[in-house]
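Report on one structure; see the data block that follows.
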Amino acid sequence: MKKQIMSINFDSVTMDEAVSIAEGCIDSSEKCMVVTPNAEIAYAAEKDANFADLINNAKLVLPDGVGVVLASKILGDPVKGKVAGVEFAENLIKTTKYPVFFFGGKPGVAEMARDNMKAKYPSCNIAGVRDGYFKEKDIPDIINEINVSGAKIVYVCLGAPKQELFIKAHMNEINAYVFAGLGGSLDVFAGTAKRAPDFFVKFGLEWLYRLIKQPSRIKRMSVLPLYIIETIKFKLGGKK
Ligand code: UDP
């Protein structure tokens, strides 16, 4: 079920529901774009109607982070909960019977991500990998590589909005069904970025952990309180 949080229609789903909707799309040969906006991306969408449209066109819009969940509570119609993109990505790999392609990250990251996932889930099927640093002229080759791999699921990990734009532009040329924009997830699978320890997750402080590990993110993260302020203004004034 969709729940509107200002400009974005989020899916109010559990993790299991999100995974089974994605799997169901492949079963029924339906093209499915999955996006995972956190507060930073949702705030960008508030300022850019085209980006909001791009997100709202996705089949699955997963609330990635406590900021989005908090915004839904402020607006009085809470989503079921957070469905973090990186956890969705891992759960789908663990459960799906279909081959997955990893596209994105710095050279070597997708290979490491594949090796780590194969070690953790021996029966998973990672059909191919490719780094995310390319030129416009390389795109036909990338599309061909994904098609030749036989993947039915593509993790597009180029950061927002590059990944969403890539998916929208090329999903019909690729013979896969699920296209998920998953930001830095391959870095987490590869171990080049660490997932927050349980303590931080339990208290909704993953953003603080990321900030401690990468203080340079402070500017990007300062939009988190701005997003919440925007939500409160929306609630009070009925407009942005
Ligand atoms: N990236 C890429 N190609 C690019 C720009 C970025 O593959 O042209 C990758 C980058 O290496 C990183 C991911 O995209 O793995 C973006 O990570 P970030 O932490 O910014 O994403 P977030 O999860 O915060 O959206």
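The values are calculated or read from the model by the stated rules, or taken from the named source; none is laboratory data. This structure is a prediction, so every number in the text was calculated from the model and none was measured. Note: ideal-geometry Cβ built from the backbone for every residue, glycine included; neighbour counts use all protein chains shown. Keep in mind that these areas ignore ligands, DNA and RNA; they rest on the heavy atoms of the full protein, side chains included. Shrake-Rupley method; radii C 1.70, N 1.55, O 1.52, S 1.80 Å.
Observations on the structure shown:
- Residue-wise HN-Hα couplings along region 199-216, as the Karplus relation 6.51 cos²θ - 1.76 cosθ + 1.60 with θ = phi - 60° gives them from phi, are 3, 5, 5, 4, 9, x, 10, 4, 4, 5, 4, 4, 5, 5, 6, 9, x, 5 Hz; Gly and Pro carry x.
- In summary, the aspartates and glutamates within cross-link reach of residue 120, defined as a Cα separation below 18 angstrom excluding same-chain residues under 8 places away, comprise 87, 90, 111, 187.
- Measuring between their Cα centroids, region 1-80 and region 156-207 lie 14 Å from each other.
- Scanning the chain for cysteines with no neighbouring cysteine C-beta under 4.7 angstrom from their C-beta gives 124, 157.
- Here's the picture: a label point sits 7 Å out from the Cα of residue 49 along the beta-carbon direction, and within region 1-28 the residues with their amide nitrogen under 15 Å of it are 7-8.
- Pair residue 229, residue 16: separation of 7 Å Cα→Cβ label points (nm): 4.1 nm
- Contact order for the chain, expressed relative to its length and based on alpha carbon pairs under 8 Å spaced 6+ residues apart, stands at 23 percent.
- Note on exposure: 29, 7, 123, 185 ranked by accessible area (1.4 Å probe, complete protein assembly) read 123, 29, 7, 185, with the most exposed listed first.
- Entry note, region 1-144: relative contact order of 21 percent, from Cα contacts under 8 Å with a spacing of 6+ residues.
- The solvent-accessible area of residue 148, taken with every protein chain present and a 1.4 Å probe, is close to 110 Å².
- Computed about its Cα centre, the charge dipole of the chain is approximately 720 debye, with only Lys, Arg, Asp and Glu carrying charge at their Cβ.
- Across every direction, the projection of the convex hull enclosing the Cα atoms of region 43-104 has a mean area of 5.7 nm².
- The phi torsions of region 31-42, fed into the Karplus equation with coefficients 6.51, -1.76 and 1.60 and a -60° offset, translate into couplings of 5, 9, 9, 10, 10, 9, x, 9, 4, 5, 6, 4 Hz, rounded to whole numbers, with Gly and Pro shown as x.
- Helix 223-237 vs. the chain, principal-axis angle (Cα, 0 to 90°, nearest 10): 50 degrees
- The overall shape of region 44-188, judged from the alpha-carbon gyration tensor, is oblate: a/c is not under 1.5, and a/b is no greater than b/c.
- Annotation: amide H of residue 126 within the under-5 Å range of 100, sequence separation 5 or more or interchain, hydrogens built in the peptide plane.
- Heavy-atom accessible area, probed at 1.4 angstrom with all protein chains present, ranks 227, 209, 177 as 177, 209, 227, highest first.
- Rounded to the nearest 10 square angstrom, residue 47 shows an accessible area of 120 square angstrom against a 1.4 Å probe.
- Considering only 119, 165, 224, the residue lying farthest towards the positive end of the dipole of region 95-237 is 224, judged by Cα position with unit charges set on Cβ.
- Amide proton proximity set for residue 5, modelled H, under 5 Å, gap of 5+: 10
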